[in-house]
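A short reminder: the numbers here are calculations on the coordinates, not readings from a lab. All values derive from a computational prediction rather than experimental measurement. Please note: Cβ atoms are built from the backbone with ideal geometry, for glycine as well, and neighbour counts cover all protein chains shown.
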Amino acid sequence: WGPLVDGSLFLLASVVLAALLFDIRADLLILAASMVTMIVLAILGQFGLYQPTAPKAPNALATDWIVYGADFFIASLVITVAINLFKKEFSRVIQQMQNTFQALTAERAKLEERVQERTEELENRANHLRASTTIARTMAEIQNISDLLNTVVEATSEQFGYYHVGIYLLDERRKNAF
């Protein structure tokens, strides 16, 4: 591929690696250095100071060097631009993934908080049901009405944590509570 044969592959590989590993300034710097290297070799070859050592390397005319240099420059530039577009898109995808991960982390924290609140609410309900069951058992065991009323008031206050509990009974006409 051109007058430099294997050397051109080395120069093209250096441009590709620079595009993959560094920013656009380094890419352009390596591309410029590669072009300067080719121009220097072309000038040295035209004056007979440089001769390729490969056995089948053709003698290159000035037009061969110009065409080769233009092809090399265009190929290198296209590869560099394509790789930089790929890197930019890849960075965008990584940023989207990080944003999604942060959103999922926040959502998970909210869900864990809701689960904790719901668990506490269910524990409170279970405690109230246990307290009601205990009071109901106590009520079933006591036969004397006045003992029953006092025991239910005390158990309700104790089990539910109320400061003041009272039971009111209606008179026979259901008009007055006492």
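Things worth noting here:
- Selection of trypsin sites (Lys or Arg not before Pro), region 119-178, meeting DSSP coil and at most 16 other Cβ within 10 Å: Arg173, Arg174, Lys175
- Within straight-line cross-link reach of Lys87, lysines at Cα separation under 21 Å, skipping those fewer than 8 residues along the same chain: none
- Helical runs (DSSP H, four residues minimum) scored at -39500 (n - 2.57) apiece and divided by the length of the chain put the mean residue ellipticity at 222 nm at -27500 deg cm²/dmol.
- Residues Leu111 and Ala82, FRET efficiency given R0 of 41 Å [Cβ-Cβ distance, rounded to 0.05]: 0.45
- Per DSSP, loop chymotrypsin sites (Phe, Trp or Tyr not before Pro) in region 30-73 with at most 10 further Cβ within 10 Å: Phe47
- Environment charge of Leu85, counting only residues whose C-beta is closer than 15 Å and scoring Lys/Arg +1, Asp/Glu -1: 0
- A full extension of the chain between Gln46 and Gln102 corresponds to an added length of 14.0 nm, given 0.36 nm per residue minus the alpha carbon distance.
- C-alpha long axis of helix 145-160 to longest principal axis of the chain, angle in °: 20
- Loop trypsin sites (Lys or Arg not before Pro), region 27-107 (other Cβ atoms within 10 Å of the site Cβ: 14 or fewer; DSSP): Lys56
- For percent of Cα pairs over 28 Å apart, the candidate list reads [x] 28; [y] 48; [z] 63; the entry that matches the value derived from this model is [z].
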